[in-house]
Amino acid sequence: MSGAPTPPRTITPLRLFATLCVLAPTVAVIAVPTYNSATPRLGGFPFFYWYQLLLVVLTGILMVAAFWAIKIDEGRRKRFKAAAIAAAPGPAGDDDEEGVAE
Amino acid sequence: MKFVASAGSGVHGVELGIVTGLFVLVAVLGFLAARWRRTGSQRDLLEWGLGGRSFGGFITWFLIGGDLYTAYTFVAVPASLFATGALGFFAVGYTILVWPLVFIFLPRLWSVSRKHGYVTPADFVKGRHGSRGLSLAIAVTGIVATMPYIALQLVGIQSVLYVMGVGSSSSSFEQDLPLFIAFVILAAFTYTSGLRAPAIIAFVKDLLIYVTILVAIIYIPMRLGGWTHIFSAASARLATKSPTTHLPAGSTLLAHGNTLPFATLAIGSAMALFMYPHAQIGVLATKRRSTVRRNVSALTIYSLMLGFVALLGYMAIAGGFTTKTLGNNTQHAVPALFDAMFPSWFAGIALAAIVIGALVPAAIMSIAAANLFTRNIYVDFIKPDASPKLQTDVSKWVSLLVKFGALAFVLGLDATSAINFQLLGGVLILQTFPAIVGGLYTRYFHRWALLAGWAAGIVYGAVVAWKQSSATQHHFASQVALIPWTHQKAYIAVTALVVNLVVLVVANFILRAVKAPPGIDATSPADYDHDVEHEEAVEVTAKPETV
């Protein structure tokens, strides 16, 4: 955090992290053969059932993580843009750095 | 261990009293909702149809949750586990997959809709692709898919009435009267209060449902001898060979060949869910872009609950219920289980939870279908200069019409056909995915190619779904069918989507080659990241009005 701010790239570690958080549960659910089994059991539940219920909870946690990653990333972009507008002489305004994909 | 009680014999007074009392409470709330959080003119369709787009995170959580986890979910998902075992548990995978999908694309839909004042998904399609025809296709698909869904909410209420002994009367007028009264009240408060009514009722609904489920998953397994016993009883029953087909009904693990159906059912249902207009309505009614993303993690609590609700199907097996003792209708499994397991006062609360659980989605669905009709059929094709007041009036009347159509559906045909049409609805609605979600990211696809793909997917899906037969049913007997030229089964909606995409790509290639007119795109790239914070909240013109 020193010197002039560098423009944020399209792919940042935070965005990559959010993408992984969103993809992980999707892949886990689709990989049906990995959990179609009765053992190991947990509290009377076959693996097939308790694993999927656990996956629901994990998905919730990953979605929180993704939300914050995106929020921090967007905050940085906004601050950079504001700083760039403040620093730029002349007619500042419509340079749309923000038009990048989600 | 047998708990089979008196399902369907004699009226259960205490239960009926509690259900009626809670229903009256909810109806009063529904009417009072018209005065709640009013931000603008009640004559505006955004007011009646989207609650003034004023809902923050807390209300949205209840509204979306109340919207997606319907009475039918509570009845049908456990019934499916009761009848076939592990395959029915795809509903949990499906509700896991839904949230990442929502996280990715709904903020974009929210932004572009807020920027351009879109009320329905078909509004967006029209603006984006410059095609009234494509927008009409999306709107009609939405209405056709939603109608049987509303009818199914009535099936949920019917099964509760049956278990309380109200629906078992021989006179068919007496049998249908309670359902009729419930529906007239629902129709009336939706008419006066719009989206605000289900938003308020959703609080009561969820409170009742969470209490019911928490008690059910602790108390019922205790009475039935624990989870181990429940799973082994279910496993044993499902493995019993049917006397007619000489095949086991199912199993508590996925049988060979059921892996792909399970995965495609989960993916296809997840992709289809937010194509339903009633699901999008909860999102479009939010105040800020970030509201939905912030909510997604908390919404997974509903998915967890659904997982336990599904297992009620196995509890019904362990409790000794058979298809025969349920009056030959597996849809009665959960209400009958509650009735047999709980003391009658708590059974009343649990059954009321299901009935009220039907009201919230039925109201939202009828509003969504009405908005589609008004915006994308009435205004686009019948009366282009309709004032906002006229649009609201049309929507209100159509919402009544839609609900009574659903009622006639359930009373005139049987519950099975409502379920069949709902399954077909899932197949149809998924075919709007390329135009809506594709449109959020790219204009690469030509509007006529999207229309051709949609038509191909609809025809393929409808024909294949219609052709599925079983020992008991001639048509619509299954949601899964063989993929052409293979020996592997998959969810029909997903196979139809593949057909849709193939036609889309080929038609797109041809249309671009002949330079067919692409239509005007009313949106710009920045619209998809639009948020109201930047714009000094034009929407919140708070002028309380007393009419």
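When we measure straight from the Cα of B:LYS489, which lysines land under 18 angstrom away, once same-chain ones fewer than 8 places off are left out?
B:LYS467
So how tilted is helix B:492-513 from the main axis of chain B? Cα-based, degrees 0 to 90, rounded to 10.
Value to nearest ten degrees: 10.
Report, as an integer, the average count of C-beta atoms from other chains found within 10 Å of each Cβ along B:88-95.
So the per-residue partner count for this stretch is 3.
With a 10 Å radius around each residue's Cβ, average the other Cβ atoms per peptide and rank A:27-37, B:402-412, B:467-477, highest first.
B:402-412, A:27-37, B:467-477
Applying 1/(1 + (r/R0)^6) with R0 = 56 Å to the Cβ-Cβ distance of B:LEU207 and B:SER242, what FRET efficiency is obtained, to the nearest 0.05?
Step by step, r from the Cβ atoms, then E = 0.85.
Mean projection of the alpha-carbon convex hull of the range B:292-336 over all orientations, in nm²?
Quarter of the Cα hull surface area: 3.7 nm².
How many angstrom lie between the Cα centre of the range B:289-359 and the Cα centre of the range B:423-497?
29
So for chain B, what are the equivalent ellipsoid semi-axes in whole Å, largest first, each being the square root of 5 times an eigenvalue of the Cα gyration tensor?
Output for chain B: semi-axes of 37, 29, 20 Å.
Using alpha carbon coordinates only, what is the Rg to Rh ratio of the protein assembly as shown, with Rh defined as the Kirkwood radius?
Rg divided by Rh gives 0.97.
For chain B, what relative contact order do you get, as a whole percent, if you take Cα pairs closer than 8 Å and at least 6 residues apart?
32
Using a simple spin-label model with points 7 Å from Cα along the Cα→Cβ vector, what separation in nm is obtained for A:THR12 and B:GLN473?
With each label point 7 Å from Cα toward Cβ, the separation is 5.0 nm.
Which entries in B:LYS287/B:LYS383; B:LYS287/B:LYS403; B:LYS241/B:LYS324; B:LYS205/B:LYS287; B:LYS205/B:LYS324 show an alpha-carbon gap greater than 19 Å?
From B:LYS287/B:LYS383; B:LYS287/B:LYS403; B:LYS241/B:LYS324; B:LYS205/B:LYS287; B:LYS205/B:LYS324, over 19 Å: B:LYS287/B:LYS383; B:LYS287/B:LYS403; B:LYS205/B:LYS287; B:LYS205/B:LYS324.
Normalising by the residue count of the range B:272-380, find the relative contact order in percent from Cα pairs under 8 Å and 6+ residues apart.
Relative contact order comes out at 33 percent.
Quickly estimate the mean residue ellipticity at 222 nm for the protein assembly as shown, helices only: each DSSP H run with n ≥ 4 gives -39500 (n - 2.57), and the total goes over all residues, rounded to 500.
Helices in the protein assembly as shown give a 222 nm mean residue ellipticity of -22500 deg cm²/dmol.
Determine by what factor the alpha-carbon radius of gyration of the range A:13-85 differs from 2.2 N^0.38 Å, reporting the quotient.
1.59
Evaluate peptide B:252-258: per residue, the Cβ atoms of other protein chains within 10 Å of its Cβ; return the mean as an integer.
Partner-chain Cβ atoms within 10 Å, mean over residues of B:252-258: 3.
Which lysines have a Cα less than 19 Å from the Cα of B:LYS389, not counting those fewer than 8 places away in the same chain?
Output for B:LYS389: B:LYS543.
For B:259-266, what's the mean count of beta carbons from other chains sitting within 10 Å of each residue's beta carbon?
3
For the range A:1-84, state which trypsin sites (Lys or Arg not before Pro) are in a DSSP loop and have at most 10 other beta carbons lying within 10 Å of their beta carbon.
A:ARG9
In degrees between 0 and 90, to the nearest 10, how far off the longest principal axis of chain B does helix B:90-116 point, with axes built from Cα atoms?
The angle comes out near 20 degrees.
Calculated FRET efficiency, B:ILE510 and A:LYS78, Cβ-Cβ r, R0 30 Å, to nearest 0.05?
It comes to 0.10.
Since every read-out is calculated from the coordinates, none of them should be taken as a lab result. Quick caveat: nothing in here was measured; it's all calculated off a predicted structure. So basically every Cβ, Gly included, is an ideal-geometry build from the backbone, and we count neighbours across all protein chains shown.
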